[in-house]
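Only one structure is covered here, and it is reproduced in the block below.
The values are calculated or read from the model by the stated rules, or taken from the named source; none is laboratory data. Since the model is a prediction, treat every value here as computed from it, not as a measurement. Here the Cβ is made from the backbone with ideal geometry for all residues, glycine too, and neighbour counts use every protein chain on show. These area figures cover heavy atoms from the full protein model, side chains too; ligands, DNA and RNA do not enter into them. Shrake-Rupley method; radii C 1.70, N 1.55, O 1.52, S 1.80 Å.
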Amino acid sequence: SKLVDRSLVYTKKNVDQSFRYNCLETIRQFGHQIIDKSAAATLNNNHLRYFLTISEEAYQQQYEDQLKWLNKLEMEEDNLMTALEWSEKNSSEEFCRLVGSLTWYWNLKSKFFLAQKFLEKALSNEISDQDTQARLLFGMGLMKFYFNKFDRAFEFLNESLELWLSSDQLMGQAVAHSQLGNMLFDHGAKLSHSEQSLELARQIGKPGLINHCLGSVCLVLVHSKQFKKALPLVEELIVSSEKLGQPWGIMAARHFHSDCALGAKDFKEAEKRYALALKTALKYGIGFQTFAEMQGIAFALSGQKRWKKAIVLNSASIEEGRTIGVSIEGKFDFWDEWTDAYIGSAKGQVGEEMAKQLEEEGTAMGFENAVEYALDFKKD
């Protein structure tokens, strides 16, 4: 209270009415200058251990209490970066553990460059703990997939699965099988991995993990265009994800629900569902999905013969993908087919010159304006 009264520390009230304390950067820098070096090392080590404990708890609860931990880690980003930077120079073992515990968060928040940077640094160390190594390999597999390095992605994921198998770590096995099911191109292999992930999750008995692995099964059915078979499971996933408050599950379910409508060629319904999915992705800050949903809206508009808006939004979605360094192209064969069918058709209808103008318009309009345009169902 005395520090606050003297304006050395200031408070900020959160939405939940709790307080957080901070200080001006000039005061922080002055504190660093005057503190004794041995005392600073002790404080930094205590700080690291505290945030390592929080990050480990977040990792263990990433499916069971996902929204809570997404918000908590986002609030603590500055502290986490401080812990990462200090541990990288002073405690490689804790650095690797911290990176391994945070990759799931960076993945959901689409912080792909940041994740890859720290994963590369962590994997350059000698890692004694098998679970930490498996987490890092798994995280690197995710990043390689996002950056279209598919062979390397599968290598890293399979290495992580082997480590978790050798240590009988069921949660790791379930997650690795789930991710392999999401990424493989052979639909039979995808379904095998996804079903194994769901079976393992049910053995563990944690509802959030079960829900996550159910999402993997839904993904495989949608990607293999088994829309009628997928629909009841997707509707189950919507209900269970909302009940659990699991942002990834809600987002995935909304997206798959939209895919089912587009697969049935119910284009107006698909437009509405992708719009809801877009709002969901924006709400939870899941960047990769925001431009995927906008591209879905573009497909649905093309199906309604609203060619010009489809081309503009498709171009805007591609531009947004560039801002976070990834694209959907080449990752999922059914999505590539839809891109060719719906966007290719739209371009053919308006002609090459007009298509180029519309693409330039979409690239230049900015994503916020594109979102507003996409969500106005009546505007062409």
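Give the stretch 311-362 a look and list any residue that's β-branched (Val, Ile, Thr) and open to solvent by 40 Å² or more (accessible area, probe 1.4 Å), or say none. Outline the logic, then answer.
Taking the stretch 311-362 as the starting set, the residues that turn out to be β-branched (Val, Ile, Thr) are 311-312, 318, 323-324, 326, 328, 339, 343, 350.
Correct list: 318, 323.
Beta carbons closer than 9 Å, at least 6 apart along the sequence or on distinct chains, pair a first residue in the stretch 258-272 that is under 15 Å from residue 377 (Cα atoms) and touching a residue at least 12 places away in the same chain (Cβ under 8 Å) with a second that is polar (S, T, N, Q) and surrounded by 19 or more Cβ atoms within 10 Å (Cβ to Cβ) for 267/302; 270/258; 271/258; 272/258.
Among residues belonging to the stretch 269-286 that are buried (at least 22 other Cβ atoms within 10 Å of the Cβ) and not β-branched (Val, Ile, Thr), point out the one that is farthest from residue 367 (Cα to Cα). Explain how you work it out, then say what you get.
Taking the stretch 269-286 as the starting set, the residues that turn out to be buried (at least 22 other Cβ atoms within 10 Å of the Cβ) are 270-271, 273-275, 277-278, 281, 286.
Adding the requirement that they be not β-branched (Val, Ile, Thr) leaves 270-271, 273-275, 277-278, 281.
Details: 270: 21, 271: 18, 273: 19, 274: 16, 275: 14, 277: 16, 278: 12, 281: 13 Å.
Checking each candidate, the answer is 270.
I'd like the residue in the stretch 176-196 that is closer than 15 Å to residue 151 by Cα and touching a helix residue (DSSP H, G or I) at 6+ places or on another chain (Cβ under 7 Å) and, out of all such residues, is most open to solvent (accessible area, probe 1.4 Å).
Looking at residues that are closer than 15 Å to residue 151 by Cα and touching a helix residue (DSSP H, G or I) at 6+ places or on another chain (Cβ under 7 Å), I get 185.
As a summary of the residue check, residue 126 satisfies the conditions (1) at pLDDT below 95; (2) closer than 30 Å to residue 282 by Cβ except for the one numbered (2). As a summary of the residue check, residue 199 satisfies the conditions (1) open to solvent by 20 Å² or more (accessible area, probe 1.4 Å); (2) touching a residue at least 40 places away in the same chain (Cβ under 8 Å) except for the one numbered (2). In this entry, residue 378 is excluded by the filter for residues that are within 21 Å of residue 272 (Cβ to Cβ), modelled with pLDDT of 95 or more and not in a helix (DSSP H, G or I).
Whether any residue in the stretch 46-66 is more than 22 Å from residue 135 (Cβ to Cβ) and polar (S, T, N, Q) is what I want to check. There is at least one residue in the stretch 46-66 that is more than 22 Å from residue 135 (Cβ to Cβ) and polar (S, T, N, Q).
Residues checked against (1) in contact with a helix residue (DSSP H, G or I) (Cβ under 9 Å, 6 or more places away or on another chain); (2) farther than 19 Å from residue 66 by Cα; (3) of a type outside the set (Val, Ile, Thr); (4) open to solvent by less than 20 Å² (accessible area, probe 1.4 Å):
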| residue | (1), (2), (3), (4) |
| --- | --- |
| 215 | yes, no, yes, yes |
| 241 | yes, no, yes, yes |
| 247 | yes, no, yes, yes |
| 257 | yes, yes, yes, no |
| 262 | yes, yes, yes, yes |
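If you scan the stretch 297-315, which residues turn out to be more than 14 Å from residue 379 (Cβ to Cβ) and either touching a Gly at 6+ places or on another chain (Cβ under 8 Å) or without any contact (Cβ under 8 Å) to a residue 24 or more places away in the chain (or both)? Correct list: 311, 314, 315.
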